[in-house]
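Below is one structure, written out as structure tokens, with a few remarks after it.
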Amino acid sequence: MKRPDFMALALEEAAAAAGRGEVPVGAVIANGGTVIAKAGNRTRELSDPTAHAEMLAIREACRKLASERLTGHDLYVTLEPCAMCAGAISFARLRRLYFGAADEKGGGVINGVRFFASPTCHHTPDIYPGMGESDAALILKDFFREKRNGG
């Protein structure tokens, strides 16, 4: 049996978010070859500034597993997580973080505050930037271009 392409699934979630008028970011939490949770941004829909794709996927995975810890699980997200999401990733004890496009303005992993490098960070996942980067960047660029052009 072929293992799912988790970043492709995250990109599908990002496209669905764009279709709802949300910033197109998607996230998938997996363990082995199994998807545990997936989500796209819903900040506007839910009127909730914390409803980032990563936060929603973490909440869903924790609910499904009845645990506040996701040890041994991996997160795939189309955009570099912000500091808030990096904090949640750390507290959830996710094993690995794979992300697509870097976020020079709002990122909190390799840009900005670099949350995982902070001495107060309790857990740092293995970090793999740039997975699906060109596709992730393109969906964001297209979304914001359309917004600028009145779409």
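The values are calculated or read from the model by the stated rules, or taken from the named source; none is laboratory data. All values derive from a computational prediction rather than experimental measurement. Note that each Cβ is placed from the backbone with ideal geometry, even for glycine, and that neighbours are counted across all protein chains shown. These accessible areas exclude ligands, DNA and RNA; they are computed on the full protein's heavy atoms, side chains included. Shrake-Rupley method; radii C 1.70, N 1.55, O 1.52, S 1.80 Å.
Quick notes
- Assuming charge only on the beta carbon of Lys and Arg (+1) and of Asp and Glu (-1), the dipole of the chain about its Cα centre is about 240 debye to the nearest 20.
- Our Cα-only numbers for the chain put the radius of gyration and Dmax at 14.5, 45 Å.
- Rounded to the nearest 5, the antiparallel percentage of DSSP beta bridges internal to the chain is 55%.
- Net charge over other residues, Cβ less than 11 angstrom from the Cβ of Thr124 (K, R count +1; D, E count -1): +3
- Shown here for the stretch 109-151: trypsin sites (Lys or Arg not before Pro) in loop regions (DSSP other than H, G, I, E, B) with at most 16 other Cβ atoms within 10 Å, namely Arg114.
- Summed over the residues of the chain and divided among them, the accessible surface reaches 52 Å² per residue at a probe radius of 1.4 Å.
- When Leu9, Leu97 are compared by accessible area at a 1.4 angstrom probe, the order from most to least is Leu9, Leu97.
- Listed values for the stretch 87-99 are Karplus-derived 3J(HN,Hα) couplings in whole Hz (6.51 cos²θ - 1.76 cosθ + 1.60, θ = phi - 60°), namely x, 5, 4, 5, 5, 6, 6, 4, 6, 9, 10, 10, 9, and x replaces Gly and Pro.
- Dipole magnitude (debye, nearest 20) for the stretch 48-107, charges at Cβ of Lys, Arg, Asp, Glu: 320 debye
- Whole-percent P(r), the stretch 77-151, all Cα pairs, 5 Å bins from 0: 4, 17, 24, 22, 14, 9, 6, 3, 1.
- Only protein atoms count toward the accessible area here, which uses a 1.4 Å probe; on the chain, the carbon and sulfur part of that area reaches 53 percent.
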